[in-house]
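Before any comments, here is the structure.
The values are calculated or read from the model by the stated rules, or taken from the named source; none is laboratory data. Not measured: the values here are computed from a predicted model. Backbone-built Cβ (ideal geometry, glycine too); neighbour counts: all protein chains shown.
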Amino acid sequence: MTSPLNSISSPAAQPLSRAQTAAPFEVETVATPSDIETEWRHLEAIGYGTIFQRYDWVDAYVRHVLEHEKAWPAIVLGKLHSRPAFILPLAISKVGPARMARWIGGNHSGYNFGLWSPEAVAVMSSMKRVEIEKMLARALGDADCAVLVRMPKIHDGVVQPLASLTSSPSPTEGYAFDLAGGFEAVLERTDGAGRRRGVRTKERRLAKVGTLQYGKSQDLAQAKAALDFFFEQKALRLAEQGKPNSFAEPGVLDFFRDLLERSQTMDEPLLEMTELSVDGKIRAARAAGIHRGRLNGYFMTFAKDELVSHSPGHVLLFRHIEECCERGITTYDLGVGYEEYKTHWCDIIQELDDAYAAFTPLGSAMIATIRLGQAVKARMRQNKFLWQHLKAARAYLLRRSTE
């Protein structure tokens, strides 16, 4: 891949950078996921990570989206005693005058944990901040800084190995709940009896219009149709709200289609579509992936048509949770970002941190600017009157720009 930035040469045109740091790890940086596919799949099998750091998820994103973001991969492989120990799927892009390393996946990657062997986790816990910064600086070459957002403080009982880096709480959190004991137990824990009655009432009303069906898409063609439905409806909803549409960015639709295709032979798919249809038409769709028994919800939408008052999206969510219990899924994760409906189900709040590492004076200045901006935004959010007016103004300007 050639660099989109004239002032920076492409890492693909350079030899792999290798560095023996003062830390116990030997690190190297590669330009494409396939360069270390064997090591990556090994760590997936034995290590700790989220679905967003699986090889096929990252590889699909690199193939379809990353170049459009004017970024290039700088994937860090760490080794202990010549054995794969960790992978950090990063990419470098130019932000203002600075070269910044960030997680591959952008806003579509909900949880950024990295991929770690048990041995690497143990070693990282004894490393100091300055040692980690030096290791990253040597591995990332010309990068001025690293900004690593939405890192879970704890994942699968493991403390974030990069926790020693300078960090601050992310402005968002993750929401999930345990499916232990089956669907009846979930409803009992979440006061779901009233929701069940409401769903049954809505189902009866939907069924009066035509045949009501819901479930996982049965083949690739059906899954792609459900995905296309989501992209169409999401564009309409976001336009109505005056919000930017990250799903409309170049390569994103191809990325999700690739995930669907790769998932066809997987026991734990990177992406599967679930839909609710009435009278042969899709009325709501959900997208999710599964990793180690945990279902990660990516997105959902519904048709704003004559049946919208019967809440097809809520009906689909209710039945999807029921189906996941029957399939033996252990955790249902509704993803990052607060929405009121999540509070009706979720009893697990996933705390996230944004971490920073500066490698040059320019990187230090860039991080200081970013953190100042975040602090100002956080203060504005605390003033609900001001924040609502700012959001309304932004939505108005966005609508005007698309007219």
Q.
Contact list please: Cβ distance under 8 Å, first residue in the range 164-187 and farther than 21 Å from Y298 by Cα and surrounded by fewer than 18 Cβ atoms within 10 Å (Cβ to Cβ), second residue polar (S, T, N, Q) and modelled with pLDDT of 95 or more, pairs at least six apart or on different chains.
A. A180/T330
Q. Of all the residues that make up the range 342-374, how many are under 23 Å from E173 (Cα atoms) and in a strand (DSSP E or B)?
A. 9
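Residues checked against (1) modelled with pLDDT of 65 or more; (2) in contact with a helix residue (DSSP H, G or I) (Cβ under 8 Å, 6 or more places away or on another chain):
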| residue | (1), (2) |
| --- | --- |
| H314 | yes, yes |
| T360 | yes, no |
| A375 | yes, no |
| R399 | no, yes |
| T402 | no, yes |
Q) Could you list, in sequence order, the residues of the range 337-364 that are crowded, with 18+ Cβ neighbours inside 10 Å and within 19 Å of R102 (Cα to Cα)? A) L352, D353, D354, A355, Y356, A357, A358, F359, G363
Q: Within the range 239-259, work out how many residues are outside any helix (DSSP H, G or I) and among the charged types (D, E, K, R).
A: 2
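With the requirement that a residue be within 25 Å of D142 (Cα to Cα) and in a helix (DSSP H, G or I), what does the range 56-72 give you? I'd like the intermediate steps shown before the answer.
Going through the range 56-72, the residues within 25 Å of D142 (Cα to Cα) turn out to be 58-59, 61-72.
V58, D59, Y61, V62, R63, H64, L66, E67, H68, E69, listed by residue number.
Kindly indicate which of G215, G289 is in contact with a helix residue (DSSP H, G or I) (Cβ under 8 Å, 6 or more places away or on another chain), in a strand (DSSP E or B) and modelled with pLDDT under 95.
Details: G289 fails: modelled with pLDDT under 95.
Criteria check complete, one pass: G215.
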(Q) Looking at the range 140-162, can you tell me whether even one residue there is in contact with a Gly (Cβ under 7 Å, 6 or more places away or on another chain) and acidic (D, E)? (A) yes
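Could you list, in sequence order, all residues of the range 260-286 that are in a loop (DSSP other than H, G, I, E, B), among the hydrophobic types (A, V, I, L, M, F, W, C) and touching a Lys or Arg at 6+ places or on another chain (Cβ under 9 Å)? Spell out how you get there, then give the answer.
First pass over the range 260-286, keeping only residues in a loop (DSSP other than H, G, I, E, B): 264-271, 279-280.
After this cut, where a residue has to be among the hydrophobic types (A, V, I, L, M, F, W, C) as well, the list is 266, 270-271.
Listed by number, the residues that qualify are L270, L271.
Taking the residues in the range 212-230 that are of a type in the set (S, T, N, Q) and in contact with a strand residue (DSSP E or B) (Cβ under 7 Å, 6 or more places away or on another chain) as candidates, determine which candidate is surrounded by the fewest Cβ atoms within 10 Å (Cβ to Cβ). Spell out the reasoning first.
Here is the first cut: in the range 212-230, the ones of a type in the set (S, T, N, Q) are 213, 217-218, 222.
So of that shortlist, the ones also in contact with a strand residue (DSSP E or B) (Cβ under 7 Å, 6 or more places away or on another chain) come out as 213, 217.
Working: Q213: 13, S217: 19.
Only one residue tops the list, namely Q213.
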Q) Within the range 75-90, is there a residue that is without any contact (Cβ under 8 Å) to a residue 60 or more places away in the chain, within 22 Å of the chain's Cα centre (by Cα), surrounded by fewer than 24 Cβ atoms within 10 Å (Cβ to Cβ) and over 21 Å from L352 (Cβ atoms)? A) yes
